[in-house]
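Asker: Quick one: this structure, given as structure tokens, is what I'll be asking you about.
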Amino acid sequence: MRAPVVITGAIVTAALAWAGWRLDARGLLAAWLATWWFVTGALLGGLANVWLHQLTGGAWGEAIRPPLLRAARWLPLACLLFLPVLLGMHALYPWLDHPPSGKPEEAFRDWWLSPGFFVARSIGYLLLWSALAWIETRSQRRSAGRAAAFLLLYGVSVGLAAVDWIMSLQPHWYSSIFGWLAGAGQVLAGMALAVLLADREAIRARLPDLGNLLLMYVLVWGYLSYSQFLVIWAADLPHEISWYLRRSDTLWKTVAWLLAAVHLFAPLALLLARRAKRAPRVMGMLAGTLLGAHLLDCWWLVLPSVEGLQGRTLWFAPAAAAVLAVLAMLVRLPVPARGEGNHA
């Protein structure tokens with residue numbers, strides 16, 4: 001029954017993509033980048049939680065390990081779906097069509113944001129993530145050393161990728177917190193995905209532990225988000241505050257307050273209640289809400305930064321989420337279980 005649904009979803013998605021490309025190619029690519037970052041980030045964040053469990057141990061990780069490893073098998077395919085962004089990068093990134101400034105103080109930025117180096121780094125990130133997923137999902141033994149190395153590679157590469165693919169949409173804006181913030185959002189999304197995919201009976205006894213981990217990730221994301229805002233807003237430097245100025249109209253202000261509500265304050269209040277963390281249905285609804293909030297956060301990170309994006313094409317964002325639905329159904333299809341348990 002699932003195959004016809006997936007095929008139908010793919011046809012509808014292709015029709016929406018064709019219509020979007022004819023209407024506004026830049027808007028379509030921006031929506032695709034934001035949704036792709038969400039999908040890939042959730043899979044990577046799930047792997048990060050697997051590696052964290054291999055380092056720390058604990059019964060909490062045994063229930064979520066199999067579904068996260070099954071989901072991670074789709075990471076190489078998700079990485080391939082970045083190809084449209086590379087093919088259309090001249091429509092998204094304004095610095096690609098401008099020659100180097102020649103100023104000594106901008107020499108590093110001119111070198112870093114050169115087209116050839118940008119493409120090479122992008123391919124390097126995608127190959128690295130695919131390799132990490134391939135090795136971890138097929139390994140027959142757990143290794144704390146491998147987990148530590150993979151966590152380090154993940155943290156560095158995700159931070160750099162966030163700078164390259166999202167921060168450089170506004171090439172004169174920068175934030176030293178941005179890479180950490182992107183990684184925190186991914187690990188939070190990965191844990192929420194684990195709660196949704198895991199068998200209810202298997203995780204029932206571990207729900208308080210998973211709830212505590214979600215609480216920690218929510219607090220880290222909230223702290224980093226507020227710290228970035230506070231530092232930039234207090235300094236009030238034109239090249240820094242420009243990122244928030246693009247998000248100061250009514251629509252994006254509303255999104256900001258909505259993110260504060262559903263990505264921080266509401267989950268925080270719920271996760272502080274012991275009874276809520278013991279209720280499978282409540283935890284499932286919370287995990288779904290956090291995933292939805294993270295998708296909204298990805299739209300918030302990407303869409304306002306794209307120069308010349310037309311307001312009437314913002315429907316591309318929810319339309320691109322149709323791809324997410326198709327991918328979610330693909331993830332749920334049966335996959336060979338070899339190596340999924342990873343015995344000690």
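Asker: Looking only at the range 45-88, count every residue that is over 19 Å from the mean Cα position of the chain (by Cα) and under 19 Å from VAL158 (Cβ atoms) and tell me the total.
Answerer: Qualifying residue count, the range 45-88: 3.
Asker: Further question: If you scan the range 213-250, which residues turn out to be surrounded by fewer than 13 Cβ atoms within 10 Å (Cβ to Cβ) and in contact (Cβ under 8 Å) with a residue 24 or more places away in the chain?
Answerer: Listed by number, the list holds a single entry, HIS239.
Asker: Something else: Among the residues of the range 150-204, how many are farther than 23 Å from LEU68 by Cβ, in a helix (DSSP H, G or I) and among the aliphatic types (A, V, I, L, M)? Full working, then the answer.
Answerer: Initial filter on the range 150-204 (farther than 23 Å from LEU68 by Cβ): 160, 163-178.
Now narrow it down to the ones that are in a helix (DSSP H, G or I): 160, 163-165, 167-169, 178.
Applying the additional criterion that residues be among the aliphatic types (A, V, I, L, M) yields 160, 163, 167, 169.
Here the count works out to 4.
Asker: Among the listed residues ALA31, ALA71, ALA19, which satisfies the condition of being of a type in the set (Gly, Ala, Ser) and at pLDDT below 70?
Answerer: Numbers: ALA31 fails: at pLDDT below 70; ALA71 fails: at pLDDT below 70.
Step by step, each of ALA31, ALA71, ALA19 is checked, and only ALA19 is of a type in the set (Gly, Ala, Ser) and at pLDDT below 70.
Asker: Any residue that is within 27 Å of LEU213 (Cα to Cα), surrounded by 12 or more Cβ atoms within 10 Å (Cβ to Cβ), touching a Lys or Arg at 6+ places or on another chain (Cβ under 6 Å) and not aliphatic (A, V, I, L, M) - is there at least one of those in the range 65-80?
Answerer: Scanning the range 65-80 turns up no residue that is within 27 Å of LEU213 (Cα to Cα), surrounded by 12 or more Cβ atoms within 10 Å (Cβ to Cβ), touching a Lys or Arg at 6+ places or on another chain (Cβ under 6 Å) and not aliphatic (A, V, I, L, M).
Asker: Further question: What do you reckon, is LEU181 within 21 Å of the chain's Cα centre (by Cα) and either closer than 16 Å to THR40 by Cα or open to solvent by 20 Å² or more (accessible area, probe 1.4 Å) (or both)? Reasoning before the result, please.
Answerer: Working: within 21 Å of the chain's Cα centre (by Cα): yes; either closer than 16 Å to THR40 by Cα or open to solvent by 20 Å² or more (accessible area, probe 1.4 Å) (or both): yes.
Considered against the rule, which asks whether it is within 21 Å of the chain's Cα centre (by Cα) and either closer than 16 Å to THR40 by Cα or open to solvent by 20 Å² or more (accessible area, probe 1.4 Å) (or both), LEU181 comes out as yes.
Asker: Those residues that are surrounded by 19 or more Cβ atoms within 10 Å (Cβ to Cβ) and of a type outside the set (A, V, I, L, M), I need them from the range 259-299; list them, please.
Answerer: The answer is HIS263, PRO267, LYS277, HIS294, ASP297, CYS298, TRP299.
The values are calculated or read from the model by the stated rules, or taken from the named source; none is laboratory data. These figures come from a predicted structure and were not determined experimentally. Cβ: placed from backbone, ideal geometry, glycine included. Neighbour counts: every protein chain shown. We work out accessible area using only protein heavy atoms, side chains counted, and drop any ligands, DNA or RNA first. Shrake-Rupley method; radii C 1.70, N 1.55, O 1.52, S 1.80 Å.
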